[in-house]
């Protein structure tokens, strides 16, 4: 296997030029199979964008692309030599980016080193049991278009896809303090916190709820699709920067920061902090300090 070193590209055109310059690169097999419904929605249309598996790895100063031999699964397919955009990595972020670009008429090629797309959202099976590689719960993926503040749901709405969801009524938590069922519903949830963490934990949870209210309002008023990294943000966000957003309070300034910054303001109970880390992990695959 030959390895080719690419310098970090500064533009998508530069990235495409470097990839095309690799002699004899074969984009191995298409990677459009996955058990996750959300991934099926993002990659359900082969016309939407092309997703190919190549072996890639990243370092601080370079991108390594391994040359692969053509596999029997290719069946003589001819892969594109040119694309308007090349997306490296088929995690949820890469798939969303590719789907939106394709929606607006660009040709897109997605390169993925793993044999399944999805990043931390894909799953695997051992001994007949299914396991999630990352987050276990997804929130805000149901409802009519335009009614959810979930960025992924907003992307699915734009590309005209929906996701089949099953609602959890309860799940079992294994912790150093013991095993207990976590039941859906606010009253049952509060009772659970009281029984497991005590009165201090319950009091701090209620304080956290109050602190989160303006953040929830801000998230609903300022959709993720309005955020961008250039001066165009003045156009995309101006319609949301009104009196209603101002009413969300100063705490709304932490909206794009780590969740731990909010937790640290009111939560000191050791059990509750661990429980919040667990809640963050099943939703984002990260603890509170790395969850936005």
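Where a number appears in this text, it was derived from the coordinates with a stated rule and is not lab data. As the structure is a computational prediction, the values presented were derived from the model and not from experiment. Positions of Cβ are backbone-derived with ideal geometry, glycine not excepted, and every protein chain shown enters the neighbour counts.
With R₀ fixed at 25 Å, the C-beta to C-beta distance from residue 133 to residue 278 puts the FRET efficiency at about 0.90.
Under the simplified labelling scheme, the residue 103-residue 164 pair shows an inter-label distance of 2.3 nm, with each label point 7 Å from Cα along Cα→Cβ. Modelled spin-label separation between residue 207 and residue 81, with each label point placed 7 Å from Cα along the Cα-to-Cβ direction: 6.6 nm.
Between residue 190 and residue 270, what length comes free when the chain is fully extended (0.36 nm per residue of separation minus the Cα-Cα distance, one decimal in nm)? If you can, show how the numbers build up before the last one.
On the way: separation 80, 0.36 × 80 = 28.80 nm, distance 1.66 nm.
Taking 0.36 nm per residue and subtracting the Cα distance, the gain is 27.1 nm.
What full-extension length gain, to one decimal in nm, is calculated for residue 217 and residue 114 as 0.36 nm per residue of separation minus the Cα-Cα distance? Let's see the in-between values first.
Values: separation 103, 0.36 × 103 = 37.08 nm, distance 3.81 nm.
Length gained, residue 217 through residue 114: 33.3 nm.
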